[in-house]
Each structure stands twice: as structure tokens, then as C-alpha cells.
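For reference, the structure is listed below as C-alpha cells.
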Amino acid sequence: MLNTNEAVKIIKKINRKNILLNFDLGASLANKENVQNLVEKNISHIGHVQISAPKLKNLQGYKKRIKNFL
């Protein structure tokens, strides 16, 4: 898997209510994914959200994007 969309496709294919995505915000931002779109389209497949910044940088630089996400 190279991105969040690929992970969601696999989760949908498995089709089990107890198999959900651990959504890593830092990885998604680092991959320049559309976080808001990913969450809106796949909220029912997300079981956990890890709030972090790419390469474990200080979250301050991503404050606005994280706030929009929440």
C-alpha cells in the first residue's frame, strides 16, 4: 500500500465491520493527500486517527490544516 486510498480499498474488499483504518494524519499530509476528502468519503471505515506531523515535525506549522480536519 502506498497511500490511504489503497488501504481503504483493501478494507472495503475485506468487508468486515471489525477491520477499520488507522488513519495517520502525518503520513497523509506528507503524501499530500486531500485529508478532508479522504475523511468525508471514508469516515465509516476509519477506526482510529493518529494526529501527527510529517517526519514528526512540530505540529505548529500544520495547525491550520489540522484544525480544518477536526
Handout entry: Å² per residue, accessible surface of segment 2-52 at 1.4 Å
Key = 70 Å²
Fill in the blank from the handout: Taking 0.36 nm per residue of separation between LYS32 and ASN5 and subtracting their Cα-Cα distance, the length gained on full extension comes to 8.5 nm
Exercise for the section: Express in nm, to one decimal, how much length is gained between GLU40 and ILE19 on full extension, taking 0.36 nm for each residue of separation and deducting their alpha carbon distance. Expected result: 5.7 nm
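The values are calculated or read from the model by the stated rules, or taken from the named source; none is laboratory data. Since the model is a prediction, treat every value here as computed from it, not as a measurement. Side chains are part of the model used for accessible areas, which takes the heavy atoms of the whole protein and leaves out ligands, DNA and RNA. Shrake-Rupley method; radii C 1.70, N 1.55, O 1.52, S 1.80 Å.
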